[in-house]
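Bear in mind that the values in this text are calculations on the coordinates, not laboratory data. If you're wondering where the values come from, they're calculated on a predicted model, not measured in any experiment. Here the Cβ is made from the backbone with ideal geometry for all residues, glycine too, and neighbour counts use every protein chain on show.
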Amino acid sequence: MLTKVQKIIIKDTEEYVYHLLKDDASGHDWWHIDRVRKLAKNIAENELEDINLFVCEMAALLHDVADGKLNDTEAEGEKKVRNWLSQYRLTKEETQQIMEIILHLSYKGGTNKVVLSSIEGKIVQDADRLDAMGAIGIARTMAYSGSKNRLIHDPAKKARDHLTIEEYRSGEDTAIMHFYEKLLRLKDEMNTTVGEQLAEKRHVYMEDYLREFYAEWDGER
């Protein structure tokens with residue numbers, strides 16, 4: 001149960017993130033944040049462990065504020081989050097938990113091998129990864145690729161393995177390559193039982209989409 005003060009902090013944070021990301025066209029806009037927050041709350045409500053809902057919701061709301069894709073540097077993004085949190089009387093533990101989640105959440109081409117230790121971190125990570133899957137994940141992939149001037153598909157280009165973070169963000173991929181380099185791998189990266197269940201359905205949807213995509217690409221239907 002959230003306290004009155006925590007509810008006020010969350011409301012302030014909603015407004016801050018909304019104004020910061022509302023015009024983003026890469027798939028990392030306010031509505032992505034809102035969906036991740038809702039998914040995190042859904043997972044938390046169905047997990048059996050004792051969960052700090054305040055930490056969960058704050059990390060979900062702020063997770064892309066620090067993202068290197070949306071800042072000149074990751075250090076600049078981290079500073080934004082720390083400055084925001086510093087104006088509130090959070091406990092040292094709350095701040096540490098929120099920052100740990102935010103700084104170690106990203107997939108980064110599979111190069112991020114840091115295992116989030118808290119159940120709150122595992123929940124928010126699952127929520128963020130789920131929003132990269134299914135119908136929403138497909139839409140976001142196309143939006144992001146368009147924002148970076150990447151092709152939808154090039155049959156000559158093949159998905160890559162064991163990417164460095166620099167290779168992952170180099171812009172040498174296509175939207176369809178991204179399915180194989182990230183989206184189709186997420187099902188096996190879930191931390192929670194609820195996350196696994198939701199990921200299974202979204203994974204099947206993406207597989208069906210790719211079958212239809214290739215059939216249409218080849219003029220078969």
The Kirkwood hydrodynamic radius of the range 174-221, taken as the inverse of the mean 1/r over all distinct Cα pairs, in Å, comes to 11.7 Å
At q = 0.16 1/Å the base-10 log of I(q)/I(0) from the Debye formula over the alpha-carbon atoms of the range 116-221 is -0.76
Inverse of <1/r> over all distinct C-alpha pairs of the range 46-107, i.e. the Kirkwood Rh in Å, gives 12.2 Å
Checking the cross-link filter: which lysines have an alpha carbon closer than 21 Å to that of LYS69, excluding same-chain neighbours under 8 positions apart?
LYS22, LYS79, LYS80, LYS108, LYS113, LYS148, LYS182
Mean-position separation - Cα centroids, the range 146-220 and the range 1-18, in angstrom
34 Å
Overall Cα dimensions of the chain - principal axes, largest extent first, Å
59, 38, 29
At 0.692 mPa s and 37 °C, plugging the Kirkwood radius over alpha-carbon pairs of the range 34-161 into Stokes-Einstein gives what diffusion coefficient in µm²/s?
206 µm²/s
So if we plug the beta-carbon distance of GLU76 and ASP161 into 1/(1 + (r/R0)^6) with R0 = 35 Å, what FRET efficiency do we get, rounded to 0.05?
0.70
Label-point separation (nm) for LYS11 and GLN87, each offset 7 Å from Cα along Cα-to-Cβ?
1.6 nm
